[in-house]
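The values are calculated or read from the model by the stated rules, or taken from the named source; none is laboratory data. Remember, predicted model here, so these are calculated numbers, not experimental data. As a convention, Cβ positions derive from the backbone with ideal geometry for all residues, glycine included, and neighbour counts pool all protein chains shown.
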Amino acid sequence: MLCGKCGNKMELGEAAVRYTGWGIFFFGASYKHLFYKPKDAGPNYKVAVIKNNQCATAYRCESCGTTTILNDGQERNLIHW
Ligand SMILES: [Zn+2]
């Protein structure tokens, strides 16, 4: 896949929402999703891109840092992370 921002080849990987050790210490291990909301959408519009404890196929551009997350509909647990 080519980067939509700079056109360089992107690296295949996975994206996930996880908490960090310091985050647990300060805020606790809460239930989290990664959401997307279009710029002009209403305040209640949101799409869960990655659900809690799941991961998704993603591509990242090493040149500019752009990351593309694919919504391939697969529910995959983070047991291998
Ligand atoms: Zn790029």
**Q.** Within the stretch 4-18, considering residues that are under 24 Å from H33 (Cβ atoms) and part of a strand (DSSP E or B), the one farthest from the ligand (Cβ to nearest atom)
**A.** A16
Q: Search the stretch 54-72 for residues being in a loop (DSSP other than H, G, I, E, B) and either within 11 Å of the chain's Cα centre (by Cα) or buried (at least 17 other Cβ atoms within 10 Å of the Cβ) (or both), and hand back the single one that is modelled with the highest pLDDT.
A: C61
